[in-house]
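*Asks:* This is the structure I have questions about; it appears just below.
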Amino acid sequence: MLIRSLRRILERRGYALLPWAQFADLNASRQALAEELEQLRRSKSVVSDELTSLKNKLKTQADEIAELRSAAALHDLLHAEVPGTGATESVTRSSAQARLLTQLQKSGVSLAADEPVFLHVGFGHAGGKALQSNFFARRPDLHYLGTPFGEAGSLFSNLKYLDDHLLNERQMLEWCRDFAYWNPRRQKRPIVVSDESFCDASEVYYCPRHLPGDAIAGRLKRYFPTAKIIFTICNQLDYIASMYFNLKRNYAFLAGAPLPPFDEWWAGMHTQVRCLYLQNLDYSELIDVYSQRFGRENLLVLPLEELQTHGARRYLEKLCQFMNLELHEADLGDFNIVGNERMTVVESRLAEIVAAGSTEWTAAVRAALDKESLASLVSSAPRLSLKFDDEQIRELKRVVIRGNQRLAAEFALPLESLGYYV
């Protein structure tokens, strides 16, 4: 009514007005235009959100490409020739070290050039368990990551089992930060990583597929570029015997499977160019790989026989000097060779019963071994030993003598007086 009254007033004053129908049409058009404008505004908001999402996706892809390029650069760097290999265009170790540190820094892990890290990488059956449980784990001034089956097990496993194309680089860096470099329990203490299966295959029936030794060495250099390397070794005759009886024990009690007699097993390990076990009879081969990656001056080789011959003080003094630690009297009290773990004659017979597959006997044996008193009797029985025939000794000497001679000369080790073939 108000609008109609206004129209009549304007008409009496001489204003020319549109017919009412046309006015209504224009009003409807205005409303339609307003609705279209609102729809365009909503469409603009949707497009803006889509553009933001696309930008985020592009940024993520750019980050992934940068990460891949970083990993590729690390791969190329780690596989570049190092001094002493005869390459005409070699990368000096110091510049390679600086580049590795820079690459890690770009990935979020900042390290000092002298970051104290020690890697005990091998070999087995040479007192490694004593170092782990009676030294590394007991020193309050060390940040020891523990055994490969503990909290940091995922880091250990990925370092030695997964190929580069399966490795999650971001996850590896997070584990390095969480378990090692930035662990709140570390408190700036030197980091210690100890795992002999970085060099030796796991001695179980269902053995996981390990990367080659040089690939693991390169990967350790990638994530621990400032590390110093500790090797423990023992006379190859003892190394073989301990390995064989450990395999027999683990095959039986963990998988219920038999191990062939030693002569058959020895022959089988020589049917291929390189079999799973006995790969490291010549310790010098893999020690050379680590020497090229980390520098000869950053390697320590500890023969088990020095501990057995000269005692814990002399043995640990060498280790502490290498690690820049003070040897304490408490260390000598704590440090005892883990009891001779070679199989006893009783344990061997029980393993054969379990591996034979009799369910009734297997259950009885396992129940007996679960009792501390019976297990103690089993472990206190006489230890097994291996008798090598002349042909096996000749083959062993052929494989190890030259490498033992080089280790004795390069690391000032009295291997001949300690009973090694030189």
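Read the figures in this text as sums done on the coordinates, not as results from a lab. These numbers come from a predicted model, not from an experiment. Positions of Cβ are backbone-derived with ideal geometry, glycine not excepted, and every protein chain shown enters the neighbour counts.
*Asks:* Where does each of Thr102, Thr309 land when they are ranked from fewest to most other beta-carbon atoms within 10 angstrom?
*Replies:* Thr102, Thr309
*Asks:* Phe335: net charge of surrounding residues, Cβ under 14 Å, Lys/Arg +1, Asp/Glu -1, itself excluded?
*Replies:* Here the count lands on +1.
*Asks:* Averaged over all directions, how much area does the convex hull of the C-alpha atoms of the stretch 103-244 cover when projected, in nm²?
*Replies:* Reported value for the Cα convex hull: 8.9 nm².
*Asks:* Taking the Cβ of Lys44 as the centre, find all other residues whose Cβ is under 14 Å away and add up their charges (Lys, Arg: +1; Asp, Glu: -1).
*Replies:* Result for the neighbourhood of Lys44: -2.
*Asks:* Provide, as a two-decimal number, the C-alpha radius of gyration of the stretch 256-309 over 2.2 N^0.38 Å, N being how many residues it has.
*Replies:* That ratio works out to 1.60.
*Asks:* The stretch 194-286: D in µm²/s via Stokes-Einstein (Kirkwood Rh, Cα pairs, 37 °C, 0.692 mPa s)?
*Replies:* For these conditions, the coefficient is 223 µm²/s.
*Asks:* Which loop-located trypsin sites (Lys or Arg not before Pro) does the stretch 238-311 contain, where loop means any DSSP state but H, G, I, E or B and the Cβ has at most 11 other Cβ atoms within 10 Å?
*Replies:* Numbers: sites: Lys248, Arg249, Arg274, Arg293, Arg296; in loops: Arg274.
Passing sites in the stretch 238-311 are Arg274.
*Asks:* By count of other Cβ within 10 Å, fewest leading, how are Lys318, Lys44, Lys228 ordered?
*Replies:* Least crowded to most crowded, the residues run Lys44, Lys318, Lys228.
*Asks:* Among Glu151, Glu306, rank each residue by its count of other Cβ atoms within 10 Å, from fewest to most, as a rough exposure measure.
*Replies:* Lowest to highest Cβ neighbour count: Glu151, Glu306.
*Asks:* Quick check on the stretch 269-422: take the gyration tensor over C-alpha atoms, sort the square-rooted eigenvalues as a ≥ b ≥ c, and tell me if it's rounded (a/c under 1.5), prolate or oblate. Don't jump to the answer; show the numbers that get you there.
*Replies:* Values: a/c = 2.36, a/b = 1.40, b/c = 1.69.
Judged from the Cα gyration tensor, the stretch 269-422 comes out oblate (a/c at least 1.5, b/c at or above a/b).
*Asks:* Along Cα→Cβ, 7 Å out, is where each label goes; now give me the distance between the ones at Arg349 and Leu332 in nm to one decimal.
*Replies:* Using points 7 Å along Cα→Cβ, the separation is 4.2 nm.
*Asks:* For the pair Asp389 and Gln308, what calculated FRET efficiency results from E = 1/(1 + (r/R0)^6), where r is the Cβ-Cβ distance and R0 = 22 Å, to the nearest 0.05?
*Replies:* 0.25
*Asks:* What's the local net charge at Pro414, with K and R +1, D and E -1, over the other residues with C-beta under 10 Å away?
*Replies:* Local charge sum for Pro414: -3.
*Asks:* Can you list which of the trypsin sites (Lys or Arg not before Pro) found in the stretch 352-422 are DSSP loop residues with at most 15 other C-beta atoms within 10 Å? Could the numbers behind the result be given before it?
*Replies:* Details: sites: Arg366, Lys371, Arg383, Lys387, Arg394, Lys397, Arg398, Arg402, Arg406; in loops: Lys371, Lys387.
Those satisfying the criteria are Lys371, Lys387.
*Asks:* For the stretch 379-422, just the Cα atoms, rotate onto the principal axes and tell me the three extents in Å, largest first.
*Replies:* For the stretch 379-422, the Cα spread along each principal axis is 40, 27, 14 Å.
*Asks:* Right, another one. Evaluate the charge dipole of the stretch 262-410 about its Cα centre and quote only its size in Debye, nearest 20, assuming +1 on the Cβ of each Lys and Arg and -1 on the Cβ of each Asp and Glu. Don't skip to the answer; put the middle values down first.
*Replies:* Working: 17 positive and 24 negative charges, 58 e Å.
Dipole about the Cα centre, nearest 20: 280 debye.
*Asks:* Here is a follow-up. At 0.36 nm per residue, and after removing the present C-alpha to C-alpha distance, how many nm does the segment from Ala368 to Leu51 gain when stretched out fully?
*Replies:* Working: separation 317, 0.36 × 317 = 114.12 nm, distance 6.99 nm.
Working it through step by step, the gained length comes to 107.1 nm.
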